[in-house]
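**Student:** Structure provided below as structure tokens; questions to follow.
The values are calculated or read from the model by the stated rules, or taken from the named source; none is laboratory data. If you're wondering where the values come from, they're calculated on a predicted model, not measured in any experiment. Neighbour counts are summed over all protein chains in view; Cβ atoms, including those assigned to glycine, are modelled from backbone coordinates with ideal geometry.
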């Protein structure tokens, strides 16, 4: 009897340790900035319609920089991002910061304004999909090292939308209309580190943030991380009949 009890207690301790390890926060992060297209020279040349108000033109250079940030903050603030059950949104400066759960030097980024859960059971989500009529862009990020110069860089390429539009489990989803964001495919300098510091993403002046926020609020409950509840009950004993 004592051996069985010790065995059960050992299994319980091992299961608790495993659950704690899976739910423990990682010290590594995924971070990037969303900045107005008008504040990037290459993006502004490609999309000249992205202009800040002309009011900044009559001020000093330092005042112009301050005004630019204040005028641009409504564009980049409050854009929702979700990743492996974590939910966050861009701050005043347009920054996103999430725990890095990737075991490989790659990341899938999805930009879309609407998603819906496909249920396995009543309260269990199997995966998320994008309605066929809703636009979506898929990107593959790879962190690589140049063989010649031994320098690290991000390679970004746009990939085909899967059919059906199933979102990969490890995808980072940006809740926005693809036409409102500019992710530039190509090669960008990077640093070798467990932290993923991604290249900037540019935001167009006509972004419809309120629409995407309302759509996201319909499904945000499905992105809540698991909460482990413990319940203790009084022990009970069954007395065997006497022979």
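**Student:** Out of the range 112-131, which residues are surrounded by 13 or more Cβ atoms within 10 Å (Cβ to Cβ) and assigned to a loop (DSSP other than H, G, I, E, B)?
**Tutor:** Once the filter is applied, which keeps residues that are surrounded by 13 or more Cβ atoms within 10 Å (Cβ to Cβ) and assigned to a loop (DSSP other than H, G, I, E, B), the range 112-131 yields 113, 114, 115, 130, 131.
**Student:** Out of curiosity, is residue 189 closer than 28 Å to residue 156 by Cβ, exposed (fewer than 12 other Cβ atoms within 10 Å of the Cβ) and modelled with pLDDT of 80 or more?
**Tutor:** Here the answer is yes, as residue 189 does meet what is asked.
**Student:** With modelled with pLDDT of 85 or more and farther than 19 Å from residue 182 by Cα as the only criterion, which of 107, 143 stands out?
**Tutor:** Matching residue, one of 107, 143: 143.
**Student:** I would also like to ask the following. Taking the criterion of being surrounded by 14 or more Cβ atoms within 10 Å (Cβ to Cβ), touching a residue at least 40 places away in the same chain (Cβ under 8 Å) and touching a helix residue (DSSP H, G or I) at 6+ places or on another chain (Cβ under 6 Å), would at least one residue in the range 132-139 satisfy it?
**Tutor:** yes
**Student:** So residue 150 ticks every box in (1) surrounded by fewer than 16 Cβ atoms within 10 Å (Cβ to Cβ); (2) in contact (Cβ under 8 Å) with a residue 24 or more places away in the chain; (3) at positive phi but one. Which box is left unticked?
**Tutor:** It is condition (2) that residue 150 fails.
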